[in-house]
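As structure tokens, the structure follows; a few thoughts come after it.
The values are calculated or read from the model by the stated rules, or taken from the named source; none is laboratory data. Not measured: the values here are computed from a predicted model. Cβ placement follows ideal geometry from the backbone for every residue including glycine, while neighbour counts extend to all protein chains displayed.
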Amino acid sequence: MKIGFFTSIEGWGGSETYLLSLMKGVRDAGHIPVLFGIQGTRLYNEARNDGIECVAWKCMGNGLDGGARKDVDATGQLKSGSDTMTGRGKQAAKQRIWSCLPQWVKLLSGNIREITNLRKIFKRYPVDIMHVSSSGYEVAGIACWVFHIPSVVMNMITPPYESYWFRRWLMKFTLRAYDHVSSQSSACTREWMRFAGLGAERCSYVWNGVDLSRFGDMAPTARQASDPFMLISVGRLHPMKGYDYLIEALGKLKDKRLSLILIGSGAEETHLKRLAIEWGVSEQIDFRGHVEDPETYLRMSHCFVLPSVSHESCPAVVPEAMACGLPVITSDFGPLPEININGETGIVVPCRSADGLASAICRIADSPQVGEEYGGAGRRRAQEQFSRQRMISEMMRLYQRVIAGTF
């Protein structure tokens, strides 16, 4: 079976590491993965270097299918000549007309152009099924529908807030073009079903799986209640992660035993560092930035915290922390209580509650035995529910059912 994987994301994060892991797993299972991605991105380069077939439907920082302007030279300067000058005048006139059009007309025009381009590319590089990674809406599903390619959309986040009516309409319309709608948790799938008015027969979820072999020999550092207590969190420094509330919780506790390793980078870094100073905990927080392999820091830590407030579908860092035997504290946003079972693998606190986080931190810091019990249960849960092998097997069954039309 030849399976296409489509993405329009230019960055590097959980969605991209998930896709790369899934493509490798598909190949290991004896099938052929093909990445339809953006040339120049880290995902595209890593997949190609790993021997996965890659098709560039767009170039990073350029137009669709790498389409360069014909009226510029290799340095990007406008070519001279009467034809070019005439073309420049026509282009200026088009831009004036374009600026007068309603926003929804511009969006519709751009999406039609993208659908037309993708249809040509999908025809040139046929696959048996297309897996579309989405963080809002992707018109790749419509291109698949036009060209009769079975398609699955994997929603990597819960439905994002969109104030503009036409974008909300596009999100719903494009979602209905897919043969099957999936995500990485039942909570996320339910939210998309509710948003787009989809029936349960067309929807499912498959847990995000992690490579448990990376964490097999890890065990939390043994400690007494009076010993220093190391918290750790891994994620983009983005408002969705709720790190404001975690820093506030540390500030309210005023406990010098506590320290936090914060792994990740993002636009919120300056704000979070300023907040740490305001709460008097800047010396207790280690902003490590982006780390390729956080296992070393997980090994040093006593408890994992993820106080997310939006977007999450099934962040891999939670089952990874559980696989290390760490007790877990999460908010109750969306899928997080499905992963971290309150009172079994850790503690679930109300979303946006610094007081809830502070109470949970104290509970585990002051009771090493409780943390040990949570960690052991978490390790067992990660092994049973969140292995990469299980994810690959369930995704392959999903692809086969979509192709066969048995949903």
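Just one of 331, 367 is of a type in the set (S, T, N, Q), under 15 Å from residue 230 (Cα atoms) and in the same structural domain as residue 223 (by TED's automatic domain parsing); which is it? Show your work before the answer.
Working: 331 fails: under 15 Å from residue 230 (Cα atoms).
Criteria check complete, one pass: 367.
Of the candidates 326, 298, the single residue that is part of a loop (DSSP other than H, G, I, E, B) and touching a helix residue (DSSP H, G or I) at 6+ places or on another chain (Cβ under 9 Å) is 326. Within the stretch 303-335, being more than 23 Å from residue 12 (Cβ to Cβ), surrounded by fewer than 24 Cβ atoms within 10 Å (Cβ to Cβ) and modelled with pLDDT of 95 or more holds for 332, 333.
Being loosely packed, with under 15 Cβ neighbours inside 10 Å and hydrophobic (A, V, I, L, M, F, W, C), is that true of even one residue in the stretch 279-301? Yes, the conditions are met somewhere in the stretch 279-301. Annotation for the stretch 102-118: at least one member residue is farther than 27 Å from residue 310 by Cα, basic (Lys, Arg) and free of Cβ contacts under 8 Å to residues at least 40 places away in the same chain.
Screening 37, 4, 30, 25 for residues that are small (Gly, Ala, Ser), more than 19 Å from residue 394 (Cβ to Cβ) and either assigned by TED's automatic domain parsing to the domain that holds residue 144 or buried (at least 18 other Cβ atoms within 10 Å of the Cβ) (or both) leaves exactly one candidate, 37. Residues in the stretch 304-320 that are within 22 Å of residue 158 (Cα to Cα), not charged (D, E, K, R) and not in a loop (DSSP other than H, G, I, E, B): 5 in all. Of a type in the set (Lys, Arg) and outside the structural domain of residue 265 (by TED's automatic domain parsing) - does that describe any residue in the stretch 222-233? No, the conditions are met nowhere in the stretch 222-233. In the stretch 348-385, the residue that is nearest to residue 309 (Cα to Cα) out of those that are touching a strand residue (DSSP E or B) at 6+ places or on another chain (Cβ under 9 Å) and hydroxyl-bearing (Ser, Thr, Tyr) is 353. Every condition in (1) under 19 Å from residue 381 (Cα atoms); (2) in contact with a Cys (Cβ under 9 Å, 6 or more places away or on another chain); (3) part of a loop (DSSP other than H, G, I, E, B) holds for residue 333 except the one numbered (1).
To keep it simple, each residue is scored yes or no on (1) over 21 Å from the mean Cα position of the chain (by Cα); (2) outside any helix (DSSP H, G or I).
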| site | (1), (2) |
| --- | --- |
| 23 | no, no |
| 26 | no, no |
| 30 | yes, yes |
| 33 | no, yes |
| 37 | no, yes |
| 44 | no, no |
| 47 | no, no |
| 51 | yes, yes |
| 55 | yes, yes |
